[in-house]
Amino acid sequence: MASVLLVNNCCGCSCVNSLFPRIPPPFLLSLHRHAHFPLFKATSLSHKRLSHFLAMDGSKAGPSKEMPSGLDATTEEEYASKSNLLQEFINISNIDKAWTFNSEDGMGTQAMFSISQPNLLANKKRKFMLSTAISKENKNSITFQWAPFPVEMTGASTIVPSPSGSKLLVVRNPENESPTQFEIWSQSQLEKEFHIPQTVHGSVYVDGWFEGISWNSNETLIAYAAEEPSPPKPTFSPGYKKGGSSDKDCGTWKGQGDWEEDWGETYSGKRQPALFVININSGDVQAVKGISKSLSVGQVIWAPPAEGLYQYLVFVGWSFNTRKLGIKYCYNRPCALYAVRVLLHESEANELELKENSFEDFPVVSLTQSISSAFFPRFSPDGKFLVFLSAKSSVDSGAHSATDSLHRIDWPTDGKLSPSEKIVDVIPVVQCAEDDCFPGLYSSSILSNPWLSDGHTMILSSIWASSQVIISVNVLSGELLRISPTESNFSWNVVTLDGDNIIAVCSSPVDIPQIKYGYLVEKDTWSWLNVSSPIVRCSEKVGSLLSSLQFSIMKIPVKNASADLTKGAKKPFEAIFVSSKSKRDGACDPLIVLLHGGPHSVSTSSFSKSAAFLSSIGYSLLIVNYRGSLGFGEEALQSLPGKVGSQDVNDVLTAIDHVIDLGLACPSKLTVLGGSHGGFLTTHLIGQAPDKFVAAAVRNPVCNLALMVGTTDIPDWCYVESYGSKGKNSFTESPSSEHLTLFYSKSPISHLSKVKTPTLFLLGAQDLRVPVSNGLQYSRALKEKGVETKVIVFPNDVHAIERPQSDFESFLNIGLWFKKYCK
């Protein structure tokens, strides 16, 4: 058991400095301009839209005289009490990232944790940093000495420590046309600050997909992806004015110019990503030249230094011709690894810096011509090989996400690259796994430094059936081990490495996230220590409610499997069941059937604040990972395209019957909740099984594929999921009447005449993935036939509806909507 010293008897910056000589206050205070903020400060809602939820908590502020829209006197009391509880769940913090640094005395390490917490009043995420010193007395005793307070990252878009940990890059993206700010912090002060005007480039990409910020080895240059500079706009005065003019000229205005395609959902208005390199000594910025305009680029990293005055940048490029289809959550967009040569010169301080024209006359080299997908490149510590993930199964089949593979390229020692570099398969795509064996690789990210000290073992997080696990991979032999504990059904995520040790976060549907410290006991055997932490805590009330709950992962046999199914598609799928530890008066709690989107996604056994809130107010949860979900092998996943609306619907009904037969659910108290494709399933279920559910709720649901295909940023999805893999080749921007007929027949709206279930709709008006017209058309049609409906539209939300106030209002309404009908 790890012991932890919490320092909480002081509040000045000098205290932090004495604990963390490697990470002194200015290093951290750069993130928030010298203002301390307590991490677990209670937040009281006073926003106009939410004030009525909390107005009856005993404070002086009473309910408004006029009843809020959508509420009656009976439900208003419920809103007040349930909103207070939901707020306690919302206040639980998340651990997003972490970094470790060697101590100067060599006796331990320092760590920084990036934390986020919803800020309901400001309607955005509040981001913090909290530091700790890690002392290793022996393998069985690890002490984390936490700083007394976190610091808030006000205005910081991202932070990236240098390889040695002696410098910190802070990027501040503008919210308007002002310059992007780059700050370079040392251990004691701000060393450099550069303002990059919009004429050089726009905002730096920090989205986790195009994002790529990489320090070179001698920490003088930083490569990154940012928006291309805005093209000139035509000027009118009031006719067209030749030669243009400045924005300050009276009597003129800027026209719009040609419309440019973007990458869809969450990228609306973002310009083409391009690569840049900044010299942190001078502030000089150079655009990387020679890259085709048909490529969108990102995930850039520096290759190992070569002999001579040059070095390579390796990056990912996504190709497009006439249209950029939506890329968010879509791994089926072809991409490849490229390398570009950078000319350097030696400065008077003997440091390698950019030449005046570092990218002239050197063609870009395509490294992965023989494979349709390559991303997340990482060099081995010795620079001898380059590894990368591939979603070739997704690209080749058209499914938006599928089973990944891992590959290696041996980096040429002479630095001479060619497009014919051999690609070695390290982890191939798993078609059908044997029971409880490795089902295939499903990784949504890789640490910037995932290597153990042997230089060839990577540590990754991956989906394994209904859980996330930590695995080690020997990229030379291909040997793979599951190293997170197998005796529990918890989900595990690696956040950083501490030498040959692992700092991870584990959680379950009924257990809030906890930090764990893993170390290798002997070959292939890892031990995990509990780390007491002030980061993730919950109120006493929430803790008591969660302690009364339990969960299990059920295997659900496929019912009536046809003979033409593959072996993997006939294997049982899974569902996570969350319930109270004791039945009240022998009766079952009402059941919420919770369905993930995608459909090629997965619900894991990790902690979800919204789901935990629902289970804490008296509902059991049945979270179904129907066939087609990630984590169960490629055959099971590929069995769904072409069968949406039937196979997935039948899997959900089979799972419901399973828990009813076990006596865990009451047939008269069933509700169903889903978003996106989960909303597609929900609206299918209330049409195909009209007497089964007493209430339903949907978030941005797919209700009419024939309508969606002409308005979504991913029209190809409609073809692949309706036709199967052959739909990839059938995709066209001008669907035929035959296409539209099939789309309609596959859609929930084709069963609308049978629907009688009261349904709540939660819609994001800015959704480009499933435009708001889909949900509005279906809800209006239900109203037309007399079915009780409630519609809430969030004017500034996209597909995820994840802005804090919108998420809060959504799940508060879901809980109360279901309670209204589960009596």
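Read-outs: derived from the displayed coordinates by stated rules, not from any lab. All figures in this text were calculated on a predicted structure; none of them were measured in a lab. Methodologically, a virtual Cβ is constructed for each residue, glycine included, from the backbone with ideal geometry; neighbour enumeration extends over all protein chains shown.
Segment 111-197: which trypsin sites (Lys or Arg not before Pro) are DSSP loop and have at most 13 other beta-carbon atoms within 10 angstrom?
K139
With volume of the Cα convex hull per residue in Å³ defined as stated, name the option among [x] 351; [y] 198; [z] 210 computed from the structure displayed.
Here volume of the Cα convex hull per residue in Å³ agrees with entry [y].
Applying 1/(1 + (r/R0)^6) with R0 = 45 Å to the Cβ-Cβ distance of K783 and E434, what FRET efficiency is obtained, to the nearest 0.05?
According to the calculation, E is roughly 0.35.
How much net charge surrounds E479 when only the other residues with a Cβ under 14 Å from the Cβ of E479 are counted, with Lys and Arg +1 and Asp and Glu -1?
0
By the scheme Lys and Arg +1, Asp and Glu -1, what is the net charge of all other residues having a beta-carbon under 15 Å from that of G786?
Once all neighbours under 15 Å are counted, the net charge is +4.
Give me the percent of DSSP beta bridges within segment 552-821 that run antiparallel, rounded to the nearest 5.
Rounded to the nearest five, the antiparallel share is 30 percent.
In segment 610-703, what chymotrypsin sites (Phe, Trp or Tyr not before Pro) fall in a loop by DSSP, with at most 12 other Cβ atoms inside 10 Å?
Passing both the DSSP loop test and the Cβ count: no residue.
Enumerate the whole-percent occupancy of each 5 Å bin, from 0 to the last occupied one, for all C-alpha pair distances of segment 506-606.
2, 9, 12, 15, 16, 15, 13, 10, 6, 3, 0
Would you mind calculating the gained length between S217 and I792 on full extension (0.36 nm times residue separation, minus the Cα-Cα distance), in nm to one decimal?
201.8 nm
Distance in nm between label sites at S773 and E346, each 7 Å beyond Cα in the beta-carbon direction?
Here the modelled spin labels are 6.4 nm apart.
Quick check: pseudo-label points 7 Å beyond the Cα along Cα→Cβ at N321 and L121, how many nm apart are they?
So the label points at N321 and L121 sit 5.4 nm apart.
Could you give each residue of segment 122-136 its phi-based ³J(HN,Hα) in whole Hz, using Karplus coefficients 6.51, -1.76, 1.60 with θ = phi - 60°, and x for Gly or Pro?
Going residue by residue, I get 7, 6, 7, 7, 8, 10, 10, 10, 9, 10, 8, 9, 10, 10, 10 Hz, with x marking Gly and Pro.
For the chain, what does the relative contact order come out to in percent, with C-alpha contacts under 8 Å and a separation of six or more?
Relative contact order of the chain: 9 percent.
Do the sum for the chain: with -39,500 (n - 2.57) for every DSSP H run of n ≥ 4, divided by all residues, what is the mean residue ellipticity at 222 nm, to the nearest 500 deg cm²/dmol?
-5000 deg cm²/dmol
Determine the gain in length on full extension of the stretch E540-N94; use 0.36 nm per residue of separation and subtract their C-alpha separation, reporting nm with one decimal.
158.8 nm
Rounded if a/c is under 1.5, else prolate if a/b beats b/c, else oblate: with a ≥ b ≥ c from the C-alpha gyration tensor eigenvalues square-rooted, which is segment 552-821?
Judged from the Cα gyration tensor, segment 552-821 comes out oblate (a/c at least 1.5, b/c at or above a/b).
Quick one: if the Förster radius is 30 Å, what FRET efficiency do K293 and S448 give, using the C-beta to C-beta distance and rounding to 0.05?
That pair, K293 with S448, gives E of 0.55.
Could you compute the FRET efficiency for K756 and L476, with r as their C-beta to C-beta distance and R0 at 60 Å, rounded to 0.05?
0.50
Starting from the 7 Å offset along Cα-to-Cβ, what nm value, one decimal, do you get for the label separation of N489 and S81?
3.0 nm
Can you pull out the GluC sites (Glu not before Pro) in segment 461-533 that DSSP calls coil and that have at most 11 other Cβ atoms within 10 Å?
E487
If a paramagnetic tag sat 7 Å from the Cα of S736 along the Cα-Cβ line, which residues of segment 683-713 would have the backbone N under 19 Å from that point?
Answer for this model: 706-707, 709-710.
Give me the percent relative contact order of segment 552-821, please, defined on Cα pairs under 8 angstrom at least 6 residues apart.
For segment 552-821, the relative contact order is 17 percent.
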